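The values are calculated or read from the model by the stated rules, or taken from the named source; none is laboratory data. All of these numbers come straight from a predicted model, not from anything done at the bench. Backbone-built Cβ (ideal geometry, glycine too); neighbour counts: all protein chains shown. Side chains are part of the model used for accessible areas, which takes the heavy atoms of the whole protein and leaves out ligands, DNA and RNA. Shrake-Rupley method; radii C 1.70, N 1.55, O 1.52, S 1.80 Å.
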Amino acid sequence: MIMMKTRHFSAWIMGLAMLASCQQNNYKIEGSGKVLHDGDTLYLTSDLNEMKPSDTIIVKNGKFTLTGETDSTYFCLLFSPNNGELVMPFFVERGNIKLELPEDMDKARVSGTLCNQEWQTVLDSTIVMSKRINELSVKMFRNEDNIELQAKCQQEVSELNDRFNRFIFDTGKKNINNEFGYFVVNYYSEGLFTPEQTKELIELMPQDLRQRVPIKKMEQRLKSVQSTAAGTQISDFRMADINGNELSLLDEVKKNKLTAIDFWASWCGPCRQAMPQVVAVYKKYHDKGLGIIGISLDEDKEAWKEAVSQLGITWIQMSDLKGWDNAIATAFNIRAIPHMMVLDEKGQIVNSDINAAELDELCAQQLTK
């Protein structure tokens, strides 16, 4: 979603990692502008979490110059501790980088190198669209009772966001063979792109970029998303139940019209909090075709058994007592619990990552016809 002007640039830079490159190269950063004053102290940092400066710069005659050598292309921030308006994100990379810093930092510009020129294009688009969204927000606030106007404004906001998303995707595709393309995929994928768009960009990447750790992790997450998408046929798993008897997951699934696979653990507070609602839904719909299979991420069998008894769980429980390394949880890339997915009697995924209330609604739709 497009960021608002009042957020400045901070939302754009959180969590950005260094972008690897190949050779050692010299860079030169030249800055000028009315926002700069003689004797001002500026800081340059690539540590966007703790903001620890890597360089200190003193302004002379309203200008500054910084030279250095870098063996990578990385995202950084120029800022002033005495001027909260002076916040300038850009890329350090080989070449001559020019910063123009006027009093209105919305009009600041960076140029001179490939990544920075592409970044400026993104910033220009962001500012234009954000201003329009702000205008629409004000109009909606002042006309709260005009339902027709509210709907019209909402529609335009949605169209602006769709246009921005497409612009970022096209920018990434245009630059997919260089560092800015890598930046777009690494930074924007989870917030803006569909899994299909991310997959398309990754497959267009040259191998040296595609082999980087963030991209490999992204590909793994995409596989996990695909493995839990609605309509996907799951593989069978065999695992011991709470009494030590080995069961086939699919054999149990075939016994019900709908089966909820509930990933949980005795030590998980939110799981225990949610369990009474799950129990209630099971009692309500079990005779109509709902089954539940609990997959416990416990390591302590006694703690697992005690929790099952205390919480009134009467459905099948399975676990290999390997905690987060549980084979079924690993196969579906379960990163947080409680997590519930629903299968039909053929073992195809109907829905994933739902809560007890959503399970109740799904059962009402499919088991009361």
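Table for the structure above
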quantity	calculated
In segment 1-53, residue nearest to the chain's Cα centre (by Cα) [restricted to those that are polar (S, T, N, Q), modelled with pLDDT of 90 or more and loosely packed, with under 15 Cβ neighbours inside 10 Å]	ASN26
Number of the exception - VAL308 against (1) open to solvent by 30 Å² or more (accessible area, probe 1.4 Å); (2) over 26 Å from the mean Cα position of the chain (by Cα)	(1)
Which listed residue, of LYS139, LYS152, LYS131, is touching a helix residue (DSSP H, G or I) at 6+ places or on another chain (Cβ under 7 Å) and either of a type in the set (Ser, Thr, Tyr) or without any contact (Cβ under 8 Å) to a residue 40 or more places away in the chain (or both)	LYS139
Residue list for segment 169-203, filter: in contact with a helix residue (DSSP H, G or I) (Cβ under 7 Å, 6 or more places away or on another chain) and open to solvent by 40 Å² or more (accessible area, probe 1.4 Å)	LYS173, ASN186, PRO195, LYS199
Residues of segment 150-203 that turn out to be closer than 30 Å to MET140 by Cβ and of a type in the set (Lys, Arg), as a count	3
